[in-house]
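J.: Can you keep this structure in mind? I'll have questions shortly.
Quick note: the coordinates plus some simple rules give every number you see, no bench work behind them. Quick caveat, the model's predicted, so the values are computed rather than measured. Because the Cβ atoms are built from the backbone with ideal geometry, glycine has one as well, and the counts that use them run over all protein chains shown.
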Amino acid sequence: MLEKQIEHKLLTETRKRAGLCLKFISPGWNGVPDRIVLLPGGKIGFVEVKKSGENPRTLQLRRHKQIRKLGFQVFILDDPGDIGGLLDAIQGS
């Protein structure tokens, strides 16, 4: 499945949970995750969306590590079947 299709499904499923799925663009700081997911109750997670079977680039993995070191969750999503579990994990934090 294409990245764009997976990203759209993430957006749709996040909205069903009364959340926001914001595009994360950070000029001058490359490699940031594609989306910031905000869920009720102050829950936040960062999501790197990839087409099925694709892996993040080295710079992206470095950014994920930096964000996790600050205490935030970062997910890599390449299978739309994982969206429910990903959102559950964010809500459970």
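J.: Give the aspartates and glutamates whose C-alpha is closer than 17 Å to that of K9, dropping any in the same chain fewer than 8 places away, or say none.
T.: Straight-distance partners of K9: D34, E48, D78, D79, D82, D88.
J.: Set the bar at 19 Å for Cα to Cα. Now go through K16/K51; K23/K50; K16/K43; K23/K43 and name every pair that lies beyond it.
T.: Working: K16/K51 23 Å; K23/K50 14 Å; K16/K43 15 Å; K23/K43 16 Å.
Long pairs (Cα-Cα over 19 Å): K16/K51.
J.: Taking the DSSP beta bridges in segment 1-50 as the whole, what percent of them are antiparallel, to the nearest 5?
T.: Within segment 1-50, antiparallel bridges account for around 100 percent of the total.
J.: In addition: Could you tell me the extents of the chain's C-alpha atoms along the three principal axes, largest first, rounded to whole Å?
T.: Extents along the principal axes: 32, 30, 21 Å.
J.: Modelled label-to-label distance, H8 and Q91, 7 Å Cα→beta-carbon offset: nm?
T.: 2.4 nm
J.: Just need the relative contact order of the chain here, percent rounded to a whole number, with Cα pairs under 8 Å and 6+ apart.
T.: 30 percent
J.: Looking at the chain only, what percent of DSSP beta bridges run antiparallel? Nearest 5 please.
T.: Restricted to the chain, the bridges split so that about 65 percent are antiparallel.
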